[in-house]
Amino acid sequence: MGKKDGIFAGAISATATSMKKSRKPLLSGGLALVMILGVSGWSFPSKAEKTQQLTILSQDGAGTPRGKLIVSIAKAFTKSTGIQVKVLANGGTGGSNAKSFYESSVVAKKEADLVLVNLVAESTSWMKIKATIPLTKYLKEWGLTKVFTPQSVVDWSVNGQLQAFPVLGFQWPVMYNMALLEKAGIKTVPKTYDELVAAATKLRAIGVAPLAVGGNDWSGAKLFFQVAQDYLPQSQAIELFQKGGYCQNPRAMKGIDLFVKMRDAGVFVDNVQGLSSDNMSALYNAGKAAFIPQGSWAFTTVPADIEKSTAFGGLPVPADGVFSKPTAFQGTIGMGLWISPNGAKKLDPIKKFVKFFFSPAVAASWLTKTGDLVDVKLSNAQLKKAPHLLQLGMKLPAIVNYAVLPDVYLPQKVGTAINPVSSLAFSSGTSSSQICGALDQLYK
């Protein structure tokens with residue numbers, strides 16, 4: 001194995017050990033491996049397998065840490081089996097371009113065999129409209145019943161059918177730059193709404209921007225929904241996200257009123273309504289914003305000097321709300337591996353790829369190479385190898401309450417059209433009634 005493939009040495013070795021009993025061909029190439037094959041009775045991949053090509057559409061660009069890792073996994077699999085894998089990178093980390101590209105390719109019947117995207121907006125309907133195939137039966141047939149965390153299987157299933165094999169989950173705290181807070185005389189992470197407003201006022205007094213968020217994209221929309229449910233029991237929040245009716249719900253309106261108060265009190269950075277999630281991250285990573293809501297997918301982008309000053313918490317809550325602690329999001333829907341109708345015609349090589357992709361050592365490489373949480377069960381020893389900020393993220397359940405993540409409950413037409421409403425909510429002068437009216441209109 002070449003030096004560049006060294007990160008998968010453990011994966012291939014572990015897979016070979018686990019497959020030895022079944023005597024199925026999995027690896028090829030190299031004198032040592034030839035000896036292993038000869039002793040164990042394994043055979044080299046068939047000519048059909050060598051010439052068979054799989055295609056994977058990824059939501060992550062080729063130059064991103066995730067994109068690079070996906071390509072490396074594909075190369076390692078090809079080296080092991082002789083089965084060619086072509087990775088098609090389309091879209092950024094949000095995956096919206098990849099999803100649109102995939103839907104167009106399905107119509108043309110030229111879609112990739114496998115798709116790596118999150119479970120948000122368009123993808124929530126793919127299995128229903130037969131753009132992808134249900135996968136529940138393959139959990140048992142392919143020996144995957146004990147691979148995934150139980151919650152991830154639940155979250156990725158609809159009506160008893162698994163939509164995609166769960167790949168990545170996430171923790172989504174608020175990251176606080178304690179060095180900046182301390183300059184403003186703030187010694188602890190704010191936990192209540194009153195503490196949040198007081199912190200923002202002190203930070204602005206010394207010329208430091210308080211909370212940065214992408215008011216014009218998905219990051220701002222998530223924060224808006226996070227605040228809007230501060231007075232809603234979980235079941236009511238879910239029903240509201242599914243059906244709308246914000247203006248008619250007194251508890252929802254109380255949450256929207258709170259958001260407007262937060263905005264008008266100067267909690268958010270100036271001109272927040274025009275910012276993106278990239279702008280948000282840039283401000284925090286440059287030490288120009290004191291805190292941001294940030295998911296674990298971006299922990300590795302934080303510079304070392306900012307990381308040293310970073311503490312995790314949640315979004316502060318009102319004293320009379322339903323939460324006893326600051327809120328955060330968590331989920332298992334950060335990325336899944338879907339099988340397309342074209343892929344359904346290649347189940348034999350896809351089975352081999354799936355088993356390789358979800359082997360413990362390969363799955364654990366996400367922790368160390370991209371800083372992502374995975375939906376695969378890993379050992380404590382593997383989890384301890386996660387980067388520092390991800391380790392902090394794993395401790396988040398002890399200090400926050402988890403709000404309802406709206407993504408899987410919002411109707412597709414709402415989820416794909418929410419950004420302009422989010423920008424409206426962050427715009428100074430917009431009233432609670434205008435915000436709820438714009439939201440309810442999306443449901444019509």
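A few points about this structure:
- Any hit, region 385-399, residues being in contact (Cβ under 8 Å) with a residue 24 or more places away in the chain, touching a Gly at 6+ places or on another chain (Cβ under 8 Å), open to solvent by 20 Å² or more (accessible area, probe 1.4 Å) and under 27 Å from P233 (Cβ atoms): yes
- When the test is whether a residue is crowded, with 18+ Cβ neighbours inside 10 Å, more than 30 Å from V374 (Cβ to Cβ) and in contact (Cβ under 8 Å) with a residue 60 or more places away in the chain, S432 passes it.
- Cross-chain or 6+ apart pairs with Cβ under 8 Å, region 238-262 first and closer than 20 Å to L442 by Cβ, then of a type in the set (D, E): G244/D440; G245/D440; Y246/D440; C247/D440; G255/D230
- Taking the conditions (1) surrounded by 21 or more Cβ atoms within 10 Å (Cβ to Cβ); (2) in contact (Cβ under 8 Å) with a residue 40 or more places away in the chain in turn, V87 satisfies each one other than (2).
- The requirement of being modelled with pLDDT of 95 or more, more than 29 Å from A237 (Cα to Cα) and surrounded by fewer than 19 Cβ atoms within 10 Å (Cβ to Cβ) is not satisfied by A381.
- Residue check, A363 assigned to a helix (DSSP H, G or I), open to solvent by less than 10 Å² (accessible area, probe 1.4 Å) and without any contact (Cβ under 8 Å) to a residue 40 or more places away in the chain: yes
- V260 of a type outside the set (F, W, Y) and either open to solvent by less than 10 Å² (accessible area, probe 1.4 Å) or touching a helix residue (DSSP H, G or I) at 6+ places or on another chain (Cβ under 7 Å) (or both): yes
- From K351, K308, K325, residue being of a type outside the set (A, V, I, L, M, F, W, C), open to solvent by 30 Å² or more (accessible area, probe 1.4 Å) and in a loop (DSSP other than H, G, I, E, B): K325
- Taking helices (runs of 4 or more DSSP H) as the structural unit, those lying wholly within region 149-247 and holding at least 2 residues that are over 23 Å from Q294 (Cβ atoms), out of contact with any helix residue (DSSP H, G or I) (no Cβ under 9 Å at 6 or more places or on another chain) and open to solvent by 10 Å² or more (accessible area, probe 1.4 Å) correspond to 150-155, 193-205, 234-243.
- Residue check, L180 in contact (Cβ under 8 Å) with a residue 12 or more places away in the chain and in contact with a strand residue (DSSP E or B) (Cβ under 6 Å, 6 or more places away or on another chain): yes
- Qualifying residue in region 311-321 (condition: open to solvent by 10 Å² or more (accessible area, probe 1.4 Å), in contact with a strand residue (DSSP E or B) (Cβ under 9 Å, 6 or more places away or on another chain) and either closer than 19 Å to V147 by Cβ or assigned to a helix (DSSP H, G or I) (or both)): no
- Residue that is modelled with the lowest pLDDT [pool: residues in region 338-370 that are over 16 Å from A76 (Cβ atoms) and of a type in the set (A, V, I, L, M)]: L367
Residue by residue, here is whether (1) in a strand (DSSP E or B); (2) open to solvent by less than 60 Å² (accessible area, probe 1.4 Å); (3) touching a Phe, Trp or Tyr at 6+ places or on another chain (Cβ under 8 Å) holds:
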| site | (1), (2), (3) |
| --- | --- |
| F101 | no, no, no |
| V106 | no, yes, no |
| E111 | no, yes, yes |
| V115 | yes, yes, yes |
| L119 | no, yes, yes |
| E122 | no, yes, no |
| I129 | no, no, no |
| T132 | no, yes, yes |
| T145 | no, no, no |
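- Set V374, V404: member being crowded, with 19+ Cβ neighbours inside 10 Å, aliphatic (A, V, I, L, M) and more than 21 Å from W218 (Cα to Cα): V374
- Reported count of residues in region 356-380, each being over 22 Å from G143 (Cα atoms) and touching an Asp or Glu at 6+ places or on another chain (Cβ under 8 Å), is 0.
The values are calculated or read from the model by the stated rules, or taken from the named source; none is laboratory data. Owing to the predicted nature of the structure, the values given are computational and were not obtained by experimental measurement. A quick note on method: Cβ atoms are made from the backbone with ideal geometry, for glycine too, and the neighbour counts reach across all protein chains shown. Only protein heavy atoms, including side chains, enter the accessible area calculation; ligands, DNA and RNA are left aside. Shrake-Rupley method; radii C 1.70, N 1.55, O 1.52, S 1.80 Å.
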